[in-house]
Amino acid sequence: MVGLEDILAARDRIAGQVLETPVAQSIALGERAGVPVWLKLEHRQTTGAFKLRGATNAVMRLGRVAGVTTASTGNHGRALAHAARQAGTPAVICMSSLVPQNKLDAIRDLGAEARIVGDSQDDAFHEARRLKRDEGFALIPPFDHPDVIAGQGTLGLELLEQVPDAATVAIPLSGGGLLAGVAAALKARRPDIRIVGISMERGAAMAASLAAGHPVEVRELPTLADSLGGGIGLQNRLTFAMVRKLMDDLILLPEDDIAAGIRHLAAEGHVVEGAAAVGAGAILSGRLVSAGPVVLVVSGANIDPAAHAAILRGAP
Ligand SMILES: *Cc1c(COP(=O)(O)O)cnc(C)c1O
């Protein structure tokens, strides 16, 4: 498991490469919850999501490599592309031909090679493994890696300095790198703090795995919280065990509540993607009832502007 020492070391290592993001109190959500509610505004992180913390820590820990690679086209792919460029390391982000052009452009704009292989995520992953095996690349996965988890944990250290009396921290949950790192940091400092994970109802792999007692695959379904989709890996090494140990509660959110969260945060001036709005959605729907102060981790900003506008208009 990843511990406080690893997270403190990560914080020193990545200082200057990632932003310390601010917190803001949400009066409206606080009134709804009946306790003070704070937002950790991590959607303002460079590349638009917390994933830069873990990717930067992982890249800075590498010895000599030919380059870095991954098969993620979302926030992790962007983060790794940026972290590699900062370190002067080549990055090859593998993706299938089904990836939309805007995601491909975002990776290229960050200076990485976007390599199109095959027409499934499996094909893309196969190429990333080949680069590791045959060409001396380091494969940096999006969550199940100790340096990635420690990097994400730096968000927890920051949050506790900003809201020292936090009683509950609500964290968007997919593969569990964010929750594992943040909860490890928080519980080391404040064992009584309550950690609530929030996923979407549709296709939450960690929730299904916890219920089964071991990592399982789930059918992926379209969701507004697209950054929370995908599996946790049947060979999961770290995040499944850490989430099982450190998370106190899990909330599964229907799509309507995610949309309500996006709309509410937009009204407070925060343009965020679905994954980042689950905390607000859980408070608005009355599903998150907990001791305060409550801190909601607002994890990312990368939403297609047209999709965001449609949600604000109330489109389903
Ligand atoms: C990756 C991601 C998450 C989930 O993080 P995990 O470490 O996979 O649990 C949440 N929100 C955003 C915006 C993300 O990009």
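The values are calculated or read from the model by the stated rules, or taken from the named source; none is laboratory data. Given the structure is predicted, the values throughout are model-derived calculations rather than measurements. As a convention, Cβ positions derive from the backbone with ideal geometry for all residues, glycine included, and neighbour counts pool all protein chains shown.
Tabulated data
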| quantity | calculated |
| --- | --- |
| Subset of region 160-173 (residues that are touching a residue at least 40 places away in the same chain (Cβ under 8 Å) and out of contact with any strand residue (DSSP E or B) (no Cβ under 7 Å at 6 or more places or on another chain)) | Asp165 |
| Unmet criterion (only one of (1) crowded, with 22+ Cβ neighbours inside 10 Å; (2) within 14 Å of the ligand (Cβ to nearest atom); (3) closer than 25 Å to Arg11 by Cβ; (4) not polar (S, T, N, Q)) for Leu238 | (1) |
| Enumeration of residues in region 68-85 that are surrounded by 17 or more Cβ atoms within 10 Å (Cβ to Cβ) and either in the same structural domain as Asp12 (by TED's automatic domain parsing) or over 19 Å from Leu228 (Cα atoms) (or both) | Val68, Thr69, Ala81, His82, Ala83, Ala84 |
| Selection status of Ala106, surrounded by 19 or more Cβ atoms within 10 Å (Cβ to Cβ), of a type in the set (Gly, Ala, Ser) and under 29 Å from Asp12 (Cβ atoms) | no |
| Residues of region 219-235 classified as among the hydrophobic types (A, V, I, L, M, F, W, C) and buried (at least 18 other Cβ atoms within 10 Å of the Cβ), total | 4 |
| Scope region 243-273; condition on the phi > 0 side of the Ramachandran plot and within 14 Å of the ligand (Cβ to nearest atom); matching residues | none |
| Which numbered condition Leu157 fails, given (1) touching a strand residue (DSSP E or B) at 6+ places or on another chain (Cβ under 6 Å); (2) within 30 Å of Pro293 (Cβ to Cβ) | (1) |
| Residue match in region 38-60 (condition: over 22 Å from Thr168 (Cα atoms), outside the structural domain of Leu284 (by TED's automatic domain parsing) and surrounded by fewer than 18 Cβ atoms within 10 Å (Cβ to Cβ)) | yes |
| Residue in region 198-212 that is part of a loop (DSSP other than H, G, I, E, B), within 11 Å of the ligand (Cβ to nearest atom), in the same structural domain as Gly292 (by TED's automatic domain parsing) and in contact with a helix residue (DSSP H, G or I) (Cβ under 8 Å, 6 or more places away or on another chain) present | yes |
| Selected residue (only one of Leu173, Leu178 is modelled with pLDDT of 95 or more, within 9 Å of the ligand (Cβ to nearest atom) and over 17 Å from Leu80 (Cα atoms)) | Leu173 |
| Matching residues in region 216-230 - criterion: being touching a Ser or Thr at 6+ places or on another chain (Cβ under 6 Å) and more than 10 Å from the ligand (Cβ to nearest atom) | Val216 |
| Region 286-316, residues that are within 27 Å of Leu52 (Cβ to Cβ), small (Gly, Ala, Ser) and either at pLDDT below 95 or assigned to a loop (DSSP other than H, G, I, E, B) (or both) | Ser299, Ala301, Ala306, Ala307 |
| Residue ID - surrounded by the most Cβ atoms within 10 Å (Cβ to Cβ), chosen from residues in region 136-191 that are part of a loop (DSSP other than H, G, I, E, B) and charged (D, E, K, R) | Asp144 |
| Some residue of region 17-31 being on the phi > 0 side of the Ramachandran plot and either surrounded by fewer than 15 Cβ atoms within 10 Å (Cβ to Cβ) or not in a loop (DSSP other than H, G, I, E, B) (or both) | no |
| Residue tally, condition of a type in the set (Val, Ile, Thr), farther than 18 Å from Asp304 by Cα and part of a helix (DSSP H, G or I), over region 35-79 | 2 |
